[in-house]
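First comes the structure, then the notes that go with it.
Quick note: the coordinates plus some simple rules give every number you see, no bench work behind them. Fair warning: this is a prediction, and the values are worked out from it, not measured in the lab. Note: ideal-geometry Cβ built from the backbone for every residue, glycine included; neighbour counts use all protein chains shown.
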Amino acid sequence: MAGSSEKIYSIDTKTLIKVLSNILEVMRTNEKYLTKLDADIGDADHGINMVRGFEKVMELISQQNPEDIGTVLQLTGMGLLQVVGGAAGPLYGMLFLEASKPLKGKKEMTVQDFVSMLEAGLRAVVTTGGGTQPGEKTMVDVLHPVVEKLKKMVSERSDLDFVTVLEEIVPYARECVIKTIPMLAKRGRASYLGERSIGHQDPGATSTYLIIRTFLDTLKGRKGVKISEYDESSGKMLKEEYI
Ligand code: ADP
Ligand code: MG
C-alpha cells in the first residue's frame, strides 16, 4: 500500500482503524493550532476536544477489536459522544454514528460507501446543529460541498479509486476551509461575536478538512499533516508539512 501507485477500490476494517489512529496523531500535532483558531472566535478548546475524543475512540477500538467497518464507525461516534462536551462532541459523535449505518456489517468500504457514509454524516451534523446551512461558518461549509462534489464525481465517472477521488477532494476541502474566513458566524459560540467573527478561519471546518485529508495520507502511506505556518490574525492555513 505505502507509496505504491496501485489503485485502491476499497478500504478494509484494518485500514480504517489505521486512518483513525492517524487522525489522533494529526489532532495531537495540530492541537495548539486548532485551539488558537477557537481562541479567536470561541472558547479555546477545539484542539483539546478533538484530542480527547480521538484518544477515547482509539481506547474503545483497542478494547473491543471490532471486525467490521460499521462497528468501527459506531465506536468512533460513541467515543466522541462520551468524552467531548460542547458543540463538537455531539456534532462529530452523531456524524460518525449515522455514518456507521450504511456500513453496518461490512468489512470493505467502497468509494460509493464512502460517499454514502459522508452523506449520512452530513445529515446528522445538520440535524444535530439545528438545521445548519452552508455559509454559516461551521464544519458544514466543508462537509456540504465535499458531499456534493463526491456525488457528482461518482455519478459521472465509473471505476473511481480512492486515491483519485481523494486527491481531487482534499484540495477542494482546503479551499472550502479558507472560504470560511470572510463568513459571519451564525451557529455555535462564534455566532455570539457577530461581525467580529468575520476574518477568522473556522476551527470545526479546519478539523473536518484534517480528518478528510488523513484518509488520503493514510492510503498513501503517510500519517497526515501539521499546519506548520498560518496567518496570525485570521488563522489562515499557509503551509502544511507531513508528520
Ligand atoms: P464548542 O463551540 O462547544 O466549544 P468546539 O470548540 O469543539 O465546541 O467546536 C466548535 C466548532 O463546532 C465550530 O468551529 C463549528 O465548526 C462547529 N459548530 C458549532 N456549532 C455548530 C452547529 N450548530 N452546526 C454545525 N457546526 C457547528
Ligand atoms: Mg470551543
request  = Can you tell me the alpha carbon radius of gyration of segment 96-188 divided by the globular rule-of-thumb value 2.2 N^0.38 Å?
outcome  = 1.13
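Count charges around T164 for me, please; just the other residues with Cβ under 11 Å from its Cβ, Lys/Arg as +1, Asp/Glu as -1.
Charge balance near T164 sits at -2.
Using a 10 Å cut-off around each Cβ, can you sort M27, M153 from fewest to most neighbouring Cβ atoms?
Numbers: M27 25, M153 16.
The most exposed by this proxy come first: M153, M27.
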Radius 15 Å from Cβ of T218, net charge of other residues (Lys, Arg +1; Asp, Glu -1) = 0
Sorted by Cβ density within 10 Å, fewest first, the residues M117, M78 = M78, M117
key: FRET efficiency, Q112 to R222 (Cβ-Cβ, R0 30 Å, nearest 0.05)   = 0.75
note = When L95, L80 are arranged by how many other beta-carbons sit within 10 Å of their Cβ, fewest first, they go L80, L95
task = Evaluate 2.2 N^0.38 Å with N set to the residue count of the chain, then give the Cα radius of gyration divided by it.
result = 0.94
ask   = Based on the Cα coordinates of segment 14-134, what is the per residue volume of their convex hull in Å³?
value = 101 Å³
FRET efficiency for K186 and D231, using Cβ-Cβ distance with R0 set to 25 Å, rounded to 0.05 = 0.60
query = For M183, what charge total do you get from the other residues with a beta carbon under 14 Å from its beta carbon, if Lys and Arg give +1 and Asp and Glu give -1?
reply = 0
